[in-house]
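One structure below.
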Amino acid sequence: MGMSLSELQAELPKGGLFGGGTWRWSPEPFKLSPAEARQIMALGHPLARFQRACDTLYRRSAAGKLPTWLADLLDSGKPEWLTEMQRLPSTAQQFPRVIRPDLILAHSGFSMTELDSVPGGIGVTAWLSQVYQKAGFDVLGGPDGMINGFRSLMPEGGKVLVSEESGDYRPEMKWLTEQLGPAWQIAPAENHQPTGEALYRFLNYSIGSRFQT
């Protein structure tokens, strides 16, 4: 069981999986105890509830039902059109379909430093899961867990919109859609015109930009 660093690097798809930066390679995945694995697997539901609660607090603050400083702080630096859009009643129940907690493992257990609602690493993690499983390691979620999970967001296919700002993540999302099949495609976010197909928006809004989605 195991692989060399050169064998791991040789498994990389043509063109790589990330548009820039450097990697530190490991011949084996990070190991978790059974208790740590169970703790991570149990995070999804409470973190989704936490995100919904944060949205409710923001909306109540924006409506003056809670101290307004909270909404003012969260709106700081955003263009007016964006704050107007995110306060629309029609967006009240629209939440990210993928969230990723950034975790630090210390002696006292896990600490969460960020809850990312536009997470990169989906394709990279899926690829690593396949490669390490192939090398004989037991991978949390299995070799296709990330792929099947993403497939469940758009079971009949759809488009993954990637903005220029998020362009470094385009190679991994392209690889991911190729694993899903021809019904899933990558498209630029900035000039996309909706036609009714399912969409996954891999983008952040930049000040001065407005995407047509």
Completion exercise
In whole percents, the bins of 5 Å from zero upward hold the Cα-Cα pairs of segment 96-213 as 2, 10, 18, 21, 20, 13, 8, 4, 2, 0, 0
Exercise for the section: Set the Förster distance to 45 Å, then compute FRET efficiency between residue 35 and residue 10 from the Cβ-Cβ distance, nearest 0.05. Expected result: 0.85
Practice task
Please give the peptides 30-42, 158-170 ranked by average Cβ packing (other Cβ atoms within 10 Å per residue), highest first, as a rough proxy for protection.
Solution key: 158-170, 30-42
Handout entry: Percent antiparallel among DSSP beta bridges (both partners in the chain, rounded to 5)
Key = 45
Fill in the blank from the handout: Measuring from the longest principal axis of the C-alpha atoms of the chain, the long axis of helix 122-134 (C-alpha) lies at a number of degrees, nearest 10, equal to 20
Completion exercise
Once the dipole of the chain is set up from charges on Cβ (+1 Lys and Arg, -1 Asp and Glu), the residue from the list 177, 8, 108 lying farthest towards its positive end is 108
Exercise for the section: Name the most mobile residue of 149, 16, 109, meaning the one with the largest mean-square fluctuation, in a Gaussian network model of the chain with Cα contacts below 10 Å. Expected result: 109
Fill in the blank from the handout: Per the helix-only model, the chain has a calculated mean residue ellipticity at 222 nm (DSSP H runs of ≥4, -39500 (n - 2.57) each, divided over all residues, rounded to the nearest 500) of -10500 deg cm²/dmol
Handout entry: Within the chain: Cβ-based charge dipole about Cα centre, in debye rounded to nearest 20 (Lys, Arg +1; Asp, Glu -1)
Key = 500
Fill in the blank from the handout: With Cα coordinates, the longest principal axis of the chain makes an angle with the long axis of helix 44-62, in degrees rounded to 10, of 20
Handout entry: Pairwise FRET efficiency - residue 116 versus residue 65, Cβ, R0 = 25 Å, nearest 0.05
Key = 0.35
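Here, each number is a calculation from the coordinates, and none is a lab measurement. Computed from a predicted model, the values in this text were never measured in an experiment. Using ideal geometry, Cβ is built from the backbone for each residue, glycine included, and neighbour counts are taken over all protein chains shown.
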